[in-house]
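Written out below as structure tokens is the structure these notes cover.
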Amino acid sequence: MTRTLAPLVGAALDRVDGARKVAGAAPYPNDVRYPDLAYAALVRATISAGRVSGIETEGAEGAPGVLTVITHLTAPRLSRGPATSIGPQPTPPLQGDRVDYDGQYLAVVVAGTREQAVAAADLVEVRYEVDEPVLRTEDPRAEREENPWHFDTTRGDPAGALRTAEVRVDSTYTTPHLTNNPLGPFTTVARWDGDDLTVHDSTQHTANTRSALAGVFGIPEERVRVLAPFVGGGFGAGLRSWPHVTVAAMAARVVGRPVALELTRPEMFTGTGGRPSTVQRIRLGSTVDGRLVAIDHHAEYPAAMDDAVRYRVTPRGAGAYACPNFAARDVQVRLNVPPTGHMRAPGTAEGLFALECALDELAFRLDIDPVDLRLRNVAEVDPENGRPWTTTGLRECYRVGAERFGWYGRSPAPCSMRDGHRMVGYGMAGVTFGWTMMPCRAAATLHPDGTATIATSATDIGTGTYTILTQLAADLLDLPPDWVRVELGDTRLPKAPAAGGSGLTAAVTNAVQDACRNLLEIVRNGHPRGTDVRAEGASAPPEREDVAPSGAFAAVFAEVRVDPDLGELRVVRLVTAVDGGRIMNPKLAASQIIGGTVGGLGMALMERTTPDPGSGRIMNANLGDYLVPVHADVPDVDVLFVGGPDPLTPMGVKGVGEVGVVGVAPAVANAVHHATGRRLRALPLTVENLL
Amino acid sequence: MGPGVREPTTTVTVNGARLVANLDARVTLLDALRDRFGLTGTKKGCDQGTCGSCTVLVDGRRVLSCLTLFAQCDGRQVTTIEGLADHPLRAAFIKHDAFQCGYCTPGQIVSAAALIREGRAGRDEDIREYMSGNLCRCGAYPRILAAIREVASGAHA
Amino acid sequence: MKPRPFTYLAPTSVDEALAALAEHSFDAKVLAGGQSLAPLLNFRMASPEYLIDINDVAGLDRVRRVDGGWHIPALVRQRTVERSPELRAAFPLLPAALEQVAHPQIRNRGTVCGSLAHADPAAELPTVMTALDATMRVASVRGEREVPAEEFFQFHFTTSLEDDELLVGVTVDDLPPATSTGFAEFAPRHGDFALAAVAGVVTRASDGAVGAVRLVASGVAARPQRLTAAEKVLLGQRPTPDVVGAAERAARGEVDPTGDIHASADYRRHLVGVLARRVLTTIAEEGDHA
């Protein structure tokens, strides 16, 4: 490296896209306007299983302003795009009469105005042959797939170790189906120019949307351009290219005009995935002095009928503790539910909720402080392969977090702390997060006026990518930050991976660093004056046999108050200590952790997508009944960063987008036990279960 | 046209500019601003009055533009985020990193501007309470609180 | 989402509004603040052919003093009542309840009468107006009538308003001397409809015993429910902790809520007891110190 990373990398630079966002001037996909833009509205299935026996479109076709109505009878035949690292593409829409879930798209109406399209969609009449849907994992008709993605893992002899363990915990935990609910409704604006397709899309992965659409329509990827410079949040919902994206592009092709398809809030619940519900059984074996001798973790969770998402719950705990005997088993159960997806820390948030609550049960059983129990079982090396972690900040997270929180001022016995008539509880959880990095490309261009442009197809969904790349390039190229322009969210730019899996920052910073190094090399070797100088760079996950790449670590501490009469539960204080490797920008990184913590609070206290038990229809598909935290629900959140650059990659970053969410629900559940003596093993931690 | 049926022409003053439009009676103020007048700073998050992203000021009071028909705004003064160009909340939101994806931000700022003018931003618990109609799914609430507190106390000056 | 097409009418007088209602009755909806109606329209759960916007109707936007009470006409916004010094002084129940209604953006447009006419059994205002024994002023081209709150609210989203009638205002009589009021509700998330709420109005006799009482719960029935059994326990008694405890048990025993996705029936029953106790305890303390 020719330049040192200073003074901007690591500084609390303001968000460089902030001025546009506070002005309402950042263009999200639903802000895109074309002069001849038409509007699409969807018709969705109102049964969970069966087939469409008839669909009447005459009324809609004759309604004012309607340009077309497309159903499975009239839609062009489509292919399925290529699979990605997170699994196959969703089933192409409008290709048959089968209905696999309530909310499945059955028709699209395109009209000159939004109001006309929606009014006409209401006139489409659908008749069904209804089958009995499979809605519960316990249903004997449900197809079960053990070890569906080959992530299951076993080390040692967990069954034997459990049999002989001095102390055992055996508990079952449940987590509900959750819906990401980014505030920006997912929108696709599609426009064809001959065989060239341009889409403005709410996606976290422009390259995936491009390859999905190219595959669907059988055209070369080069003819598809996907734009997502700003996205109104994602939290994992934008990792797949959902059926509405295809519908919008199909509709635009049929009407020969640009078409905007903006999902309604209810459609967001069935059309953009979510966190699947889980039922998890955990068995722990321990010595009387708190050494874990066995962890056996089993999880079952639903998958949609004609869909597949690479997912893992129990294997997420494999590296968490130095336990010689470990088993992780996942089972996917096919149900008539909407396609599942990913939601911030997918699998990890559910799996570690169960594991961290079970450890609290063990700590209570052993009469050992929960922090001390975890410290006795810290995995100093990766227990899966014995390799040393590239960084090990977990102990530091416990120490610093406990100190800031005042953990040791806790009176250990449940029900022993009070504030007036309210019961007070302290709880905590530890987090070992997985490491992810995907190949990435970026370009750096130096302009004759001395300014520079950094370009990559990655999206910034609010994580701060624009800003940290500005900081990085300014340092590497020795420019003031406002001389650096960062272009993102466009597939014409060098290909980047998804803004997901907490892996983008490592990938994109290392690629930009490489591009800047290559650029400086060209500049040093001399170049014609008055022209742009451009260099590309790339990064790829290092192949290392000697070390285990460590993801972020965290320790979360929560204080709760419980009103014993009402059962009312309030979280009054949260402290999270995080080892995130190199922190590119402490202000923005802390925002990520605060945001994750608020998401975790929703998971702990209120979020739950509730299907009707008989029909499978989601009963609370709106933001009035699907509760997400409001301002008054959120207490002070204290974030501390520990550790430093991780030696695995030149940039030394680990990613902090998801780790913040993971430990909150178990820390709160454990605090509830401490406050009340009640062990709640089901999320959300509803008040009536506290009475 | 019978008695009481108003001419469909609606005249609204938006951010100081007089706008006259003859729209389908179904059009909400939100869709009129976004689809007809190109003022896309006001955001649609739910269209059901549950998220606050579409908050605008009508005659100085904060309202949800998704629950307000455009035709109801005849003769009214509407202020959107675009009309708060010089408001100190903008800088305070940037300084305190009071947003991430930025989608709820226009609604938060418009709502906060009204809150400060209502004189109810003196205490943290009041800011939390009276900003609870504006969801932030990125979870920036503690930062939003800090930004509003600073502007309300005059500390930004 | 967008409503079905409708014809928009904007009468400028009560008579015009009533004429339009008479003409279109069943096919029309009255639009005041729109905070309950607009979501129904946007998601096509209500599809009127005519929308009668009464916002331009003159004379309906100011609270006024009437003989022995206050009159709140149809266009008075919830926020206006919440912040009115006169009404805050006269009926502390009103701001106590209104501060719990949704969020400021909603209360700035939402009207008191609109919430009453919408008759959501989980809403605060129908409960409070029932506790205050308010009188609904109802008009149509056929004439005017007065309806006590208790008769006005009939079922989920159903009032005694006929299709051609307009709720032109609500009148609340001044509280008698030695009267204390209280309101308590519980919602798991801020600003949401309460799982249950209780409003109480208690007038003490000169000996400190309860001379008159109205105790009303929401969230437990298809309309605001008077807790008559609990009221009977209180009548003629000083509200000692024992008496309040007995009233709590009576309240719990007399409600028969149903469960839904937000709370079970048992939990709602429990809540009504706790909330009734809290309201009565506050009232008792206030009365004892008066």
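The values are calculated or read from the model by the stated rules, or taken from the named source; none is laboratory data. Everything numeric here is computed off the predicted structure, so don't read it as measured data. Every residue, glycine as well, gets a Cβ built from its backbone with ideal geometry; the counts of neighbours run over all protein chains shown.
A quick yes/no check of all residues on (1) of a type outside the set (S, T, N, Q); (2) closer than 17 Å to C:E185 by Cα:
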position	(1), (2)
C:A209	yes, no
C:R214	yes, yes
C:S218	no, yes
C:K232	yes, no
C:T240	no, no
C:V244	yes, no
C:A251	yes, yes
C:D256	yes, no
C:Y267	yes, yes
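Out of A:I55, A:I47, A:I70, report the one residue that is in a loop (DSSP other than H, G, I, E, B) and either within 14 Å of chain C (Cβ to nearest Cβ) or modelled with pLDDT of 95 or more (or both).
Details: A:I55 fails: in a loop (DSSP other than H, G, I, E, B); A:I70 fails: in a loop (DSSP other than H, G, I, E, B).
Of the residues listed, the single one that is in a loop (DSSP other than H, G, I, E, B) and either within 14 Å of chain C (Cβ to nearest Cβ) or modelled with pLDDT of 95 or more (or both) is A:I47.
Yes/no matrix, rows are residues, columns are (1) assigned to a loop (DSSP other than H, G, I, E, B); (2) touching a Cys at 6+ places or on another chain (Cβ under 8 Å); (3) surrounded by fewer than 18 Cβ atoms within 10 Å (Cβ to Cβ):
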residue: C:R44; (1), (2), (3): yes, no, yes
residue: C:P48; (1), (2), (3): yes, no, no
residue: C:L51; (1), (2), (3): no, no, no
residue: C:R65; (1), (2), (3): no, no, yes
residue: C:I72; (1), (2), (3): no, yes, no
residue: C:R79; (1), (2), (3): no, no, no
residue: C:L87; (1), (2), (3): no, no, no
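All but one of (1) aliphatic (A, V, I, L, M); (2) touching a strand residue (DSSP E or B) at 6+ places or on another chain (Cβ under 8 Å); (3) assigned by TED's automatic domain parsing to the domain that holds C:D266; (4) within 19 Å of B:G49 (Cβ to Cβ) hold for C:A187, so report the exception by its number.
(2)
Just give me the residues in region B:71-122 being free of Cβ contacts under 8 Å to residues at least 24 places away in the same chain and of a type in the set (A, V, I, L, M, F, W, C), in sequence order.
Scanning region B:71-122 gives B:A85, B:I94.
Can you tell me which condition A:V637 does not meet? The list is (1) assigned to a strand (DSSP E or B); (2) free of Cβ contacts under 8 Å to residues at least 12 places away in the same chain, and all the others hold.
(2)
Can you tell me which residue within region A:593-616, out of those that are buried (at least 19 other Cβ atoms within 10 Å of the Cβ) and over 20 Å from C:D192 (Cβ atoms), is nearest to the other protein chains (Cβ to nearest Cβ)? Quick ask: steps written out before the conclusion?
Filtering region A:593-616 down to residues buried (at least 19 other Cβ atoms within 10 Å of the Cβ) leaves A:593-609, A:611, A:616.
Checking which are over 20 Å from C:D192 (Cβ atoms) leaves us with A:593-597, A:600, A:611, A:616.
On the way: A:I593: 10, A:I594: 6, A:G595: 4, A:G596: 7, A:T597: 7, A:G600: 9, A:P611: 10, A:G616: 14 Å.
This residue is A:G595.
Any idea which of (1) within 19 Å of the chain's Cα centre (by Cα); (2) within 26 Å of B:T28 (Cβ to Cβ); (3) β-branched (V, I, T) is the one C:I72 doesn't satisfy?
That leaves (2) as the condition not met.
Tell me which residues, restricted to region B:91-110, are facing another protein chain (nearest Cβ under 7 Å), under 20 Å from B:G133 (Cβ atoms) and not hydrophobic (A, V, I, L, M, F, W, C).
Listed by number, the residues that qualify are B:Q100, B:G102, B:Y103, B:T105, B:P106.
Would you be able to tell me the number of residues in region A:41-100 that are at positive phi and free of Cβ contacts under 8 Å to residues at least 24 places away in the same chain?
0
Is region A:619-635 home to any residue that is buried (at least 19 other Cβ atoms within 10 Å of the Cβ), more than 16 Å from A:M437 (Cα to Cα) and away from chain C (no Cβ under 14 Å)?
No; the residues of region A:619-635 include none that is buried (at least 19 other Cβ atoms within 10 Å of the Cβ), more than 16 Å from A:M437 (Cα to Cα) and away from chain C (no Cβ under 14 Å).
Taking A:R410, is it under 28 Å from the mean Cα position of the chain (by Cα) and not assigned by TED's automatic domain parsing to the domain that holds A:T509?
On the way: under 28 Å from the mean Cα position of the chain (by Cα): no; not assigned by TED's automatic domain parsing to the domain that holds A:T509: yes.
It is false that A:R410 is under 28 Å from the mean Cα position of the chain (by Cα) and not assigned by TED's automatic domain parsing to the domain that holds A:T509.
List the number of the failed condition for C:A22; all other conditions in (1) at pLDDT below 95; (2) in contact with a strand residue (DSSP E or B) (Cβ under 8 Å, 6 or more places away or on another chain); (3) not assigned by TED's automatic domain parsing to the domain that holds C:H118 hold.
(1)
Any residue in region A:355-367 that is farther than 21 Å from A:F557 by Cα and either of a type in the set (S, T, N, Q) or assigned to a loop (DSSP other than H, G, I, E, B) (or both)? First the steps, then the outcome.
Our first condition is that a residue be farther than 21 Å from A:F557 by Cα; within region A:355-367, this holds for none.
No, that holds for no residue.
Taking region A:99-152 only, how many residues are of a type in the set (D, E), within 14 Å of chain C (Cβ to nearest Cβ) and not in a loop (DSSP other than H, G, I, E, B)? Walk me through how you get there before you give the answer.
If we filter region A:99-152 for residues that are of a type in the set (D, E), which is where we start, we get A:100, A:102, A:115, A:122, A:125, A:129, A:131-132, A:138-139, A:143, A:145-146, A:152.
Then keep just the ones that are within 14 Å of chain C (Cβ to nearest Cβ); that gives A:115, A:122.
In the following step, the residues that additionally are not in a loop (DSSP other than H, G, I, E, B) were identified as A:115.
Matching residues across region A:99-152 total 1.
Considering only residues of region C:162-207 that are within 14 Å of the chain's Cα centre (by Cα) and assigned to a loop (DSSP other than H, G, I, E, B), which is surrounded by the fewest Cβ atoms within 10 Å (Cβ to Cβ)?
Of everything passing the filter in region C:162-207, C:F193 is surrounded by the fewest Cβ atoms within 10 Å (Cβ to Cβ).
Name the pairs whose Cβ atoms lie under 7 Å apart, with the first residue in region B:10-23 and farther than 12 Å from B:T79 by Cα, the second among the charged types (D, E, K, R), and 6 or more positions between them or separate chains?
Within 7 Å, the pairs are B:T10/B:D74; B:T11/B:R18; B:T11/B:D74; B:A21/B:R36; B:L23/B:R36.
I want to confirm something. Restricting to region C:102-119 and keeping residues that are out of contact with any His (no Cβ under 8 Å at 6 or more places or on another chain) and aliphatic (A, V, I, L, M), which single residue is farthest from the other protein chains (Cβ to nearest Cβ)? Break it down stepwise before answering.
Just the residues of region C:102-119 that are out of contact with any His (no Cβ under 8 Å at 6 or more places or on another chain), to begin with: C:102-118.
Adding the requirement that they be aliphatic (A, V, I, L, M) leaves C:102, C:106, C:112, C:116-117.
On the way: C:A102: 7, C:I106: 7, C:V112: 16, C:L116: 18, C:A117: 16 Å.
By that ranking, first place goes to C:L116.
Conditions (1) closer than 30 Å to B:C46 by Cβ; (2) in a helix (DSSP H, G or I); (3) touching a Leu at 6+ places or on another chain (Cβ under 6 Å), marked per residue:
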| position | (1), (2), (3) |
| --- | --- |
| A:L162 | no, yes, no |
| A:L183 | yes, no, no |
| A:A190 | yes, no, no |
| A:I219 | no, no, no |
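Looking at B:R62, B:R26, which is the one that is surrounded by 23 or more Cβ atoms within 10 Å (Cβ to Cβ), at pLDDT below 95, not in a helix (DSSP H, G or I) and not assigned by TED's automatic domain parsing to the domain that holds B:A113? Steps first, answer last, please.
On the way: B:R62 fails: at pLDDT below 95.
Among B:R62, B:R26, only B:R26 is surrounded by 23 or more Cβ atoms within 10 Å (Cβ to Cβ), at pLDDT below 95, not in a helix (DSSP H, G or I) and not assigned by TED's automatic domain parsing to the domain that holds B:A113.
Restricting to region A:97-130, give me the number of residues that are modelled with pLDDT under 95 and of a type in the set (K, R).
1
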